[in-house]
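J.: Dropping the structure in here first, questions after.
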Amino acid sequence: MAVIKRLMTDVPFGVLLSGGLDSSLVAAVASRHLKESKVASQWGSQLHTFCVGLKGSPDLKAAREVADYIGTRHHEFHFTVQEGLDALEEVIYHIETYDVTTIRASTPMFLMSRKIKSSGVKMVLSGEGSDEIFGGYLYFHKAPNKEEFHQELCRKIKSLHLYDCLRANKSTSAWGLEARVPFLDKEFLNTAMDIDPEWKMVRPDLGRIEKWVLRNAFDDDQKPYLPKHILYRQKEQFSDGVGYSWIDGLKDHANEQVSDAMLANASFVYPENTPTTKEAYYYRTIFERFFPKNAARSTVPGGPSVACSTAKALEWDATWSKNPDPSGRAALGVHTAAYEETKTSGQQTTPIQ
């Protein structure tokens with residue numbers, strides 16, 4: 001019902017489809033409902049789905065497969081690392097943050113939103129919120145017990161407006177595109193948060209991966225929503241899934257723009273939420289040019305993070321303090337394509353089209 005309610009619209013619409021579990025489920029439910037009910041038929045017989053990434057990225061391949069399976073009219077947009085770098089200042093201006101993971105993920109979404117709006121589509125469904133409700137981020141593998149697991153879920157949900165919802169709202173609205181998020185439907189949220197956290201926890205001994213309870217709910221052999229391997233695909237953060245070389249390119253660019261001396265003096269230049277990496281320092285300098293007031297910088301949360309964790313969750317694994325990067329690949333021993341395994345991926349890129 002959370003998806004169906006958000007299909008009430010009098011404008012052309014579609015679904016942002018990354019090929020991950022959350023967006024794939026939203027697209028599958030929407031596509032099935034449209035076919036069975038014949039609603040919104042004035043916009044065509046097929047649901048439109050959209051994906052963005054570097055050529056050869058994990059998301060593009062998975063999204064294409066999901067679109068073929070559920071029968072949507074799929075639109076695939078490619079961008080290059082250079083195009084992403086060129087858009088950074090505009091992205092930071094519209095998103096109004098210097099948070100590293102938000103900027104990483106917002107840039108491809110910003111580029112995609114421009115192309116979607118130019119096609120005439122005015123509203124899209126998106127899969128934000130599921131990871132916060134069901135513990136989908138890979139660092140949840142290390143949660144010591146269900147109490148701490150649930151407390152971290154609550155912390156993540158309460159800060160959604162500073163991260164994923166900020167990205168989904170502002171990177172789309174910058175181009176006059178409306179994003180709707182079914183997973184954050186109040187009734188659905190209340191129901192999901194009443195589930196015993198034990199059922200949400202990762203239990204390899206029982207064959208449970210992250211978000212197992214959600215995957216299991218849609219595991220229907222008689223009338224499947226998705227292919228099995230998509231339904232049980234490991235969590236891939238959006239900024240990783242668009243192409244691993246995207247983050248590597250951002251880091252390389254920041255290393256060229258920020259010297260060792262500049263980073264060493266970061267605490268004097270930026271005493272509040274002091275950047276600890278050259279990438280963070282670079283984003284901060286851009287943000288400060290647009291929003292120089294103290295009140296503006298105070299709206300952005302700070303603190304270390306691994307794979308999008310809160311600072312509190314770093315206590316779950318002592319090794320995380322040595323590699324505080326918000327990318328999912330920083331969850332070494334959990335992510336199947338961790339940092340050291342992707343250095344030679346050699347992904348190709350083509351211009352956005």
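The values are calculated or read from the model by the stated rules, or taken from the named source; none is laboratory data. Quick caveat: nothing in here was measured; it's all calculated off a predicted structure. Because the Cβ atoms are built from the backbone with ideal geometry, glycine has one as well, and the counts that use them run over all protein chains shown.
J.: Please work out which one of (1) part of a helix (DSSP H, G or I); (2) touching a Pro at 6+ places or on another chain (Cβ under 7 Å) is the condition residue 120 fails and give its number.
T.: Residue 120 satisfies every listed condition except (1).
J.: Something else now. Look at region 49-69 and say how many of its residues are modelled with pLDDT of 95 or more and either under 25 Å from residue 278 (Cβ atoms) or surrounded by fewer than 23 Cβ atoms within 10 Å (Cβ to Cβ) (or both).
T.: Result for region 49-69: 4.
J.: Which of (1) in contact with a Phe, Trp or Tyr (Cβ under 7 Å, 6 or more places away or on another chain); (2) of a type in the set (S, T, N, Q); (3) within 30 Å of residue 71 (Cα to Cα) is the odd one out, the single condition residue 257 does not satisfy?
T.: Result: residue 257 passes all but (3).
J.: Filter region 123-135 for residues that are buried (at least 20 other Cβ atoms within 10 Å of the Cβ) and either touching a Ser or Thr at 6+ places or on another chain (Cβ under 6 Å) or of a type in the set (Asp, Glu) (or both) and give the result.
T.: Those that are buried (at least 20 other Cβ atoms within 10 Å of the Cβ) and either touching a Ser or Thr at 6+ places or on another chain (Cβ under 6 Å) or of a type in the set (Asp, Glu) (or both): 127, 128, 131, 132.
J.: Mind counting the residues in region 54-112 that are over 21 Å from residue 290 (Cα atoms), among the hydroxyl-bearing types (Ser, Thr, Tyr) and part of a helix (DSSP H, G or I)?
T.: Looking only at that region, the number is 1.
J.: Inside region 119-167, can you point out the residues that are under 13 Å from residue 14 (Cα atoms) and polar (S, T, N, Q)?
T.: Scanning region 119-167 gives 119, 126.
J.: Any residue in region 285-293 that is at pLDDT 95 or above, surrounded by 13 or more Cβ atoms within 10 Å (Cβ to Cβ), out of contact with any His (no Cβ under 9 Å at 6 or more places or on another chain) and basic (Lys, Arg)?
T.: no
J.: Within region 132-161, track down each residue that is farther than 22 Å from residue 188 by Cα and basic (Lys, Arg).
T.: Across region 132-161, the qualifying residue is only 142.
J.: Looking at 31, 24, which is the one that is over 22 Å from residue 189 (Cβ atoms) and at pLDDT 90 or above?
T.: Checking each option against the conditions leaves just 31.
J.: Taking the stated definitions as given, is residue 23 of a type in the set (Gly, Ala, Ser), surrounded by 14 or more Cβ atoms within 10 Å (Cβ to Cβ) and either without any contact (Cβ under 8 Å) to a residue 12 or more places away in the chain or in a helix (DSSP H, G or I) (or both)?
T.: yes
J.: Related question: Mind telling me which of the residues 231, 263, 226 ends up being touching a Lys or Arg at 6+ places or on another chain (Cβ under 8 Å), within 24 Å of residue 53 (Cα to Cα) and at pLDDT 95 or above?
T.: Just one listed residue meets the conditions, 231.
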